[in-house]
Amino acid sequence: MKIEIQGLNQIYPNGNHALKDINLEFGTGMFGLLGPNGAGKSSLMRILVTLMKPTSGVVLVEGQDIQKHRKELRSILGYLPQDFRFFTALKTWEFLDYSGSLAGLKNKRERIAEVDRLLDQVGLLEVRDRQANRLSGGMKRRLGIAQALIGNPRIIVVDEPTTGLDPDERIRFRNILSQLSQHDVTIILSTHIVGDISSTCQGMALLNKGELVFSGSPENLVKNAEGHVFKLTLSPYDYERVKEHYNIISTIPVESGWEVQIVSDTAPDFESISLIPNIEHAYVYFMEHKLHTELGE
Ligand code: ADP
């Protein structure tokens, strides 16, 4: 599905300008929306799923304005909100069965078959009879994604799904999403965790304080940080001077003082080695330098 975001602004009644003239375009596959807390990710997600009307601008899905076609959009949409909650008394399968009824799956037998298929897909079949509110944090999140997948949506929006999960569960969740992205669906994943953005994402965007600071592939993001990451070995005296002028992203104690990595536009005035950047470096580089870059697909 082709999604085009054009000139999007969100200004809340209290004056908070949460989205500033956002223009973005992406298609089928996984799209990662990365940014720190307060960047505007949830605001963008709420607009995408038509829970909120933007102050200005439009979102087009296959060329159709979502505000004018809310019903059609919702029928092809799965959404896992950031603050996803369950009804307490329901068993895991019952919760999903209920979600299925809401999604319009009328035939009970087919619905239950679909419930079990989804529980299996997210690794919850063994706990299908457990009360949903007794599941672990990671399991609850996986039930959340199962709930978003019921009714076979073409567009799946997941808002910060890995927040608060331990590393095992994060990897598990990521694997579920990347398996999904093999199918012909559009997944929009928002996160403040750089590690959630992987090569599985065909496209990504970086948001900071409501502004789009990068859009392109994760490879392009990293490529743009090439020549801007340096390793230096410093005496304690030089360390203090570097700290004042440069953005230090890691510090390791060594015999002669400190080994540090910095992100900088130009080579530092200290003896240094240029490093091949990783995605963490690239993220810091873009966030600090707030470059306005539009890169091709
Ligand atoms: P993120 O999801 O990246 O953390 P949000 O979209 O939640 O970002 O928030 C972006 C900005 O908008 C923040 O400054 C936040 O305080 C503000 N904001 C979010 N929701 C509201 C609201 N309902 N009313 C006023 N300001 C809001």
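Numbers below:
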| read-out | value |
| --- | --- |
| Count - residues of the stretch 203-256 that are outside any strand (DSSP E or B) and over 30 Å from Phe31 (Cα atoms) | 14 |
| Count of the stretch 37-50 residues which are touching a residue at least 12 places away in the same chain (Cβ under 8 Å) and more than 6 Å from the ligand (Cβ to nearest atom) | 6 |
| Phe95 vs. criteria within 16 Å of the ligand (Cβ to nearest atom), of a type in the set (Phe, Trp, Tyr) and touching a residue at least 40 places away in the same chain (Cβ under 8 Å) | no |
| Any hit, the stretch 28-36, residues being open to solvent by 50 Å² or more (accessible area, probe 1.4 Å), in the same structural domain as Gly7 (by TED's automatic domain parsing) and away from the ligand (no atom under 14 Å from the Cβ) | yes |
| Matching option when the condition is closer than 30 Å to Asn278 by Cβ, of a type in the set (Val, Ile, Thr) and assigned to a helix (DSSP H, G or I), among Ile171, Ile187, Ile156 | Ile171 |
| Lone unmet requirement of (1) at pLDDT below 95; (2) outside any loop (DSSP other than H, G, I, E, B); (3) on the phi > 0 side of the Ramachandran plot for Gly104 | (2) |
| Unique residue being part of a helix (DSSP H, G or I), exposed (fewer than 14 other Cβ atoms within 10 Å of the Cβ) and of a type outside the set (D, E, K, R) when the list is Ala113, Ala89 | Ala113 |
| Sole residue being open to solvent by 60 Å² or more (accessible area, probe 1.4 Å), among the charged types (D, E, K, R) and in a loop (DSSP other than H, G, I, E, B), chosen from Lys71, Lys53 | Lys53 |
| Qualifying residue in the stretch 15-22 (condition: touching a helix residue (DSSP H, G or I) at 6+ places or on another chain (Cβ under 8 Å), outside any loop (DSSP other than H, G, I, E, B), within 14 Å of the ligand (Cβ to nearest atom) and β-branched (Val, Ile, Thr)) | yes |
| Number of the condition not met by Pro81 [criteria: (1) more than 22 Å from Ser198 (Cβ to Cβ); (2) touching a strand residue (DSSP E or B) at 6+ places or on another chain (Cβ under 6 Å); (3) within 16 Å of the ligand (Cβ to nearest atom); (4) at pLDDT 95 or above] | (4) |
| Hey, Ser178 over 25 Å from Glu25 (Cα atoms) and either among the polar types (S, T, N, Q) or at pLDDT 95 or above (or both) or not | no |
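The values are calculated or read from the model by the stated rules, or taken from the named source; none is laboratory data. Just so we're clear, the structure is a prediction, and the values are computed from it rather than from any experiment. Heads up, the Cβs are rebuilt from the backbone with ideal geometry, glycines too, and the neighbour counts pull from every protein chain shown. Calculation scope for accessible area: heavy atoms of the full protein, side chains included, ligands and nucleic acids excluded. Shrake-Rupley method; radii C 1.70, N 1.55, O 1.52, S 1.80 Å.
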